[in-house]
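Here the structure comes first, spelled out in structure tokens, and everything after it is commentary.
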Amino acid sequence: MTYKSMPKVELHTHIEGCAPPAFIRGLAQEKSIDISGIFNKDGTYAYRDFAHFLEVYEAACTTLQGPQDFYRLTKAILEESASHGVVYQETFISPDFCGGGDVGAWREYLHAIEAAAAEAERDHNITLKCVATCVRHFGAEKAKAAAKCAAETKGDFVTGFGMGGAETFGKPADFAYAYDMAREAGLELTCHAGEWGGPEMIADTLRDLKVTRIGHGVDAIKDRELVARIIDMDVVLEVCPGSNVFLNATGDWPDHPIKSLRDAGVKVTVSTDDPPFFGTTMTHEFDMLAETFGWDETDFKSLNQTALDAAFCDDATRAKIQKRLDT
Ligand SMILES: [Zn+2]
């Protein structure tokens, strides 16, 4: 039994992190960029730990140099996602990697990515929305520039604002200005927290950045009172079990807290984060959850429903995707 064909909703992916290694190698060859050191002999991405993963990730990103590269990347990603039954996907796109934080350049990247998304919707029946994202370890000033880019382009495609990068860099409050700017522009908010930073990082993020979703959030399981508050505040967790297992952020699959969090009443969803970096796909995530926890179609339907209810999209899109889930 595999869940490959089941319609899926995925909320937590990073656009560059979805880049198939063969695609990045091809771009590097076209541009004569030597990044051979970031690949294993079998062609997969090579790194030792989370800090090194970020280095490899940024090296891979050096091949993505213009809007046209992101256009091609987006097409490659959505074709792959659709082949795993994903009908709606949100992806983090960083104005830092797409135009260096300049609003005009960011618009050109978005134009290309949105065009690719429209073609993928036509050809593969998958919908993409963008969560514009600042990179935490680039600091608060760059986060403000990213938030300005997000605020200026808020619309049908750019619907949310988030923060990724090294979670233990700085404090959530350092980024409150950027989040305030995004909130005032009407963007929906999420932030990576509680992957590496412990339950206190989740608590501080909820208090200082007032997000409605948390990226990962698995460390919440270490604090009962926080779990109760997350339920009370109706916060949704974008859980990426395969990523956590691969990077050793949690224990192995049987010890992954997604089951305990869900059993406690927390709204959890399932995503792949950076699938080719972690050797995963949405099919693999569902299959592993079925194998590990005995979850079945009813469980996965409810996880997809939670994800759609928490999606950063307009009502028309939500209604359209709901039909796909219901059939
Ligand atoms: Zn992530």
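Only the coordinates and a few stated rules stand behind these numbers; no lab work does. Note that the coordinates shown come from a computational prediction; the quantities given were computed from them, not determined experimentally. Neighbour counts are summed over all protein chains in view; Cβ atoms, including those assigned to glycine, are modelled from backbone coordinates with ideal geometry.
Remark on the chain: Rg and Dmax equal 18.2, 53 Å (Cα only). Quick check: from the Cα gyration tensor, does the range 33-169 come out rounded (a/c under 1.5), prolate or oblate? Oblate shape, in that a/c is at least 1.5 and b/c is the bigger or equal ratio.
Please compare each pair in LYS154/LYS320; LYS144/LYS301; LYS75/LYS171 to a cut-off of 30 Å on the Cα-Cα distance and tell me which ones are over it.
Numbers: LYS154/LYS320 21 Å; LYS144/LYS301 38 Å; LYS75/LYS171 36 Å.
Result: LYS144/LYS301; LYS75/LYS171 exceed 30 Å.
Enumerate by residue number the trypsin sites (Lys or Arg not before Pro) in the range 1-54 meeting two conditions: DSSP loop (anything except H, G, I, E, B), and at most 15 other Cβ atoms within 10 Å of the site's Cβ.
Working: sites: LYS4, LYS8, ARG25, LYS31, LYS41, ARG48; in loops: LYS4, LYS31, LYS41, ARG48.
Answer by residue number: LYS4, LYS31, LYS41, ARG48.
Can you tell me how the range 212-313 classifies by the Cα gyration tensor, rounded, prolate or oblate, using a/c under 1.5 as the rounded cut? It comes out rounded by the Cα gyration axes.
Rounded to the nearest 20 debye, the dipole magnitude of the chain is 320 debye, with +1 charges on Lys and Arg beta carbons, -1 on Asp and Glu beta carbons, and the Cα centre as origin. Peptide packing: for 170-182, 115-127, the average count of neighbouring Cβ atoms within 10 Å per residue gives the ranking 170-182, 115-127, highest mean first. PHE23 sits among other residues whose Cβ lies under 15 Å from its own Cβ, and their net charge, with Lys and Arg +1 and Asp and Glu -1, is -2. Assign one of three labels to the range 48-95, namely rounded, prolate or oblate, based on the Cα gyration tensor with a ≥ b ≥ c the square roots of its eigenvalues; rounded applies when a/c is under 1.5, prolate when it is not and a/b is larger than b/c, and oblate otherwise. Oblate, since a/c reaches 1.5 and b/c is not below a/b. Net charge in the neighbourhood of ALA310 (other residues with Cβ under 11 Å of its Cβ; Lys, Arg +1, Asp, Glu -1) is -2.
Karplus-based coupling profile of the range 166-175, in residue order and whole Hz: 6, 5, 8, 7, x, 10, x, 4, 4, 10, with θ = phi - 60° in 6.51 cos²θ - 1.76 cosθ + 1.60 and x standing for Gly or Pro. Applying 1/(1 + (r/R0)^6) with R0 = 30 Å to the Cβ-Cβ distance of HIS124 and ARG224 gives a FRET efficiency near 0.10.
In this Cβ point-charge picture (+1 for Lys and Arg, -1 for Asp and Glu), the range 1-79 has a dipole of about 280 debye about its Cα centre. Summing Lys and Arg as +1 and Asp and Glu as -1 over all other residues whose Cβ lies under 9 Å from the Cβ of VAL236 gives a net charge of -1. For the chain, give the share of DSSP beta bridges that are antiparallel, in percent and rounded to the nearest 5; count only bridges with both residues there. Roughly 5 percent of the beta bridges in the chain run antiparallel, per DSSP.
What residues qualify as long-range amide H neighbours of ILE126, i.e. H under 5 Å apart, gap of 5 or more or another chain, H built at 1.01 Å from N? Those lying under 5 Å, H to H, from ILE126 are GLU121.
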